[in-house]
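J.: Okay, handing you the structure first.
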Amino acid sequence: MPSSRRAGRELEGRTAVPKPFIIGDRFVDDADDVLVSTNPADGSVNWEVCAAREDHVVEAVRVADEAWRSSGWRDLLPHERARALARLAAAIEANAEELATVQRRENGKLARECSAQARAAAATFRYYAAVCETVDGDLTPPRGPYLSMCLYEPYGVVAAITPFNSPLTLEAQKLAPALAAGNAVVLKPSEVTPSVAIEFARLALDAGLPPGLVNVLPGRGDVAAALLEQPAVRMVSFTGGTTTGHAVAAAAARRIIPAVLELGGKSPHIVFADADLDAAADAVASGIFQASGQSCVAGSRVLVERPIASRFVSALVERARALRVGDPASPDAQMGPLASFAQRERVEAYVAAALAEGGRVLAGGDRPVGSAYDRGAYLLPTVIDGLAAGSRVLREEIFGPVLCIVRFDSEEDLVTEANDTPFGLACGIWTADYRRAWRVARAIEAGTVWVNTYKELSISTPFGGFKQSGLGREKGVLGLRSYQQAKSLYWGLA
């Protein structure tokens, strides 16, 4: 990955010197502690990354605040800011495969999915460059002898906190709109996947963005907590689990700063008897087993109409058993490991809880056996049947390759069961009846609904959840507005 600002970095093998992180244009290597990056495919150490301390947090926020105020970034004409974002998009695209390799080695996602996400990250910056250049303020209808308008201005310093499952796309989806809106960002990545964020900051410098607009603080939960307490942080954007989201929301509430929260999900994937069952079975299987189930929108509950349940469940079990689990670097693998050994243990605990609740494992439920698997954090695609309504495993997010079967008899029962969860992130519906699809889509409490497809995502379409799945929206023009505050202006004409 060509860079004039490379320091302490090797892609292959363990680094003798831990990777520094970036504050402004300074490569920070004076850490007292390190994060050990582990490849979940084989348990080997990738490299070590310097871990931030509280004084680094204070420095990063100060540098970001100074950059936002004095670099001129917020005052650039929209096309000038767009040009800089387009340069960053081109830099990400030019380094896409190396970025993909970094993500794969840190979280075990399939190589082809990582490559697609690296290209999507570049497209995200390119999209927000276009939005930045074309979206204006609003002229509002006057109610008296004045001209009135609404202007949209940056907050200043934005804290962004991201999870381990898809840093390439999730970090781009925070950085791009926040920068397009005129802010500076302090990014705290997951301790499991700290390196993509560092590479984004490095590429931002190489693309000519003012130093201090993108700062990265690898670390554990104490770093995020310290970041949220900094007075100059004016807004926070968090993606992750709902429990942590509560803590982030509480910290934002204490300081009365806005928060965008993209949290957990327990998404229902609904199959009616009149659906294209082969297409539905393919979509349900990929909707939960893609990325080893480590997706906020994973369709972890399949609600199937009773008359076709037996046949459809058999088709799902067949697909689960046929999936090729293996090294994510292999083009033959269809599912890789969990992102960490700790995550695998968490998922295994849910499988055990399902059995204790009366569930039956129809496929998977344990680890694959063999030397190729023994060193990695692998778990077989799992299908569980027989859980009672309201059981813990049907209501809580597992974040792994575990699919739970639920049968329904009527549309009314279906809607009740689908909404019987604290979450409301996504939903899939398979039916040939467009009237029924419309009724059910409107009745389901979810921020995204797919009909006769699943997991189609567009950077131009707003994304977010209902209920405990979050607050606010990312992506699209609404995603830009999330990083801006509205100012109403009245100009007297009397």
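J.: Among the residues of the range 394-421, count how many are farther than 26 Å from Thr244 by Cα, out of contact with any strand residue (DSSP E or B) (no Cβ under 7 Å at 6 or more places or on another chain) and touching a residue at least 40 places away in the same chain (Cβ under 8 Å).
T.: 1
J.: Hey, among Ala84, Ala60, Ala67, which residue is at pLDDT 95 or above and under 30 Å from Asn39 (Cα atoms)?
T.: Ala60
J.: Can you tell me which of (1) aromatic (Phe, Trp, Tyr); (2) under 25 Å from Lys487 (Cα atoms); (3) within 26 Å of the chain's Cα centre (by Cα) is the one Trp73 doesn't meet?
T.: Trp73 satisfies all of (1) aromatic (Phe, Trp, Tyr); (2) under 25 Å from Lys487 (Cα atoms); (3) within 26 Å of the chain's Cα centre (by Cα) except (3).
J.: Filter the range 349-392 down to residues that are aromatic (Phe, Trp, Tyr) and touching a Lys or Arg at 6+ places or on another chain (Cβ under 8 Å) and give me whichever is nearest to Phe312 (Cα to Cα).
T.: The selected residue is Tyr378.
J.: Which condition number in (1) crowded, with 23+ Cβ neighbours inside 10 Å; (2) outside the structural domain of Ala116 (by TED's automatic domain parsing); (3) within 25 Å of the chain's Cα centre (by Cα) is the one that Leu414 fails?
T.: The failed condition is (3).
J.: Which residue, of Leu489, Leu480, Leu457, is surrounded by fewer than 16 Cβ atoms within 10 Å (Cβ to Cβ) and outside any loop (DSSP other than H, G, I, E, B)?
T.: Leu489
J.: So which of Ala160, Ala226, Ala232 is closer than 22 Å to Ala84 by Cα and either buried (at least 21 other Cβ atoms within 10 Å of the Cβ) or in the same structural domain as Ile256 (by TED's automatic domain parsing) (or both)?
T.: Ala160
J.: Considering only residues of the range 237-280 that are among the charged types (D, E, K, R) and buried (at least 22 other Cβ atoms within 10 Å of the Cβ), which is farthest from Ser166 (Cα to Cα)?
T.: The qualifying residue farthest from Ser166 (Cα to Cα) is Lys266.
J.: Would you mind telling me which numbered condition in (1) surrounded by fewer than 20 Cβ atoms within 10 Å (Cβ to Cβ); (2) under 20 Å from Arg202 (Cβ atoms) Gly43 fails?
T.: Just one mismatch for Gly43, condition (2).
J.: Being among the aliphatic types (A, V, I, L, M), within 22 Å of Asp409 (Cα to Cα) and surrounded by fewer than 22 Cβ atoms within 10 Å (Cβ to Cβ) narrows it down to one of Val284, Val304, Val313, so name that one.
T.: Val313
J.: Kindly indicate which of Ala90, Ala60, Ala31 is within 19 Å of Thr124 (Cβ to Cβ), in contact (Cβ under 8 Å) with a residue 12 or more places away in the chain and of a type in the set (A, V, I, L, M).
T.: Criteria check complete, one pass: Ala90.
J.: Also, I was wondering about something else. When residues of the range 99-122 are filtered for being assigned to a helix (DSSP H, G or I) and closer than 23 Å to Thr461 by Cβ, how many remain?
T.: Number satisfying all stated conditions: 10.
J.: So which residues in the range 316-326 are buried (at least 18 other Cβ atoms within 10 Å of the Cβ) and either assigned by TED's automatic domain parsing to the domain that holds Arg105 or part of a loop (DSSP other than H, G, I, E, B) (or both), if there are any at all?
T.: Leu323, Gly326 - these are the residues of the range 316-326 that are buried (at least 18 other Cβ atoms within 10 Å of the Cβ) and either assigned by TED's automatic domain parsing to the domain that holds Arg105 or part of a loop (DSSP other than H, G, I, E, B) (or both).
J.: Given the conditions (1) touching a Pro at 6+ places or on another chain (Cβ under 8 Å); (2) within 30 Å of Ser391 (Cβ to Cβ); (3) outside any loop (DSSP other than H, G, I, E, B), and given that Asp278 satisfies all but one, which numbered condition is not satisfied?
T.: The single condition Asp278 does not satisfy is (1).
J.: Can I ask one more? So is Leu380 under 21 Å from the mean Cα position of the chain (by Cα) and modelled with pLDDT of 95 or more or not?
T.: Taking the combined requirement at face value, the residue does not satisfy it.
J.: Got a number for residues in the range 105-134 being closer than 13 Å to Arg81 by Cα and not basic (Lys, Arg)?
T.: Counting residues in the range 105-134 that are closer than 13 Å to Arg81 by Cα and not basic (Lys, Arg) gives 9.
J.: When you scan the range 123-235 for strands (runs of 3 or more DSSP E) that lie fully inside it, which ones turn up with 2 or more residues that are under 20 Å from the mean Cα position of the chain (by Cα)?
T.: 157-161, 184-188, 214-216
J.: Determine the pairs where a residue that is more than 20 Å from Arg395 (Cβ to Cβ), located within the range 460-471, has a partner that is part of a strand (DSSP E or B) with Cβ atoms under 7 Å apart, the partner being 6 or more residues away or on another chain.
T.: Here the result reads Phe463/Thr448; Phe463/Glu474; Gly464/Glu262; Gly464/Gly470; Gly464/Glu474; Leu471/Ala259; Leu471/Val260; Leu471/Leu261, each pair linking the range 460-471 to a residue that is part of a strand (DSSP E or B).
J.: Based on this model, can you work out whether Trp450 counts as among the hydrophobic types (A, V, I, L, M, F, W, C), modelled with pLDDT of 95 or more, assigned to a strand (DSSP E or B) and farther than 26 Å from Leu355 by Cα?
T.: yes
The values are calculated or read from the model by the stated rules, or taken from the named source; none is laboratory data. Just so we're clear, the structure is a prediction, and the values are computed from it rather than from any experiment. Backbone-built Cβ (ideal geometry, glycine too); neighbour counts: all protein chains shown.
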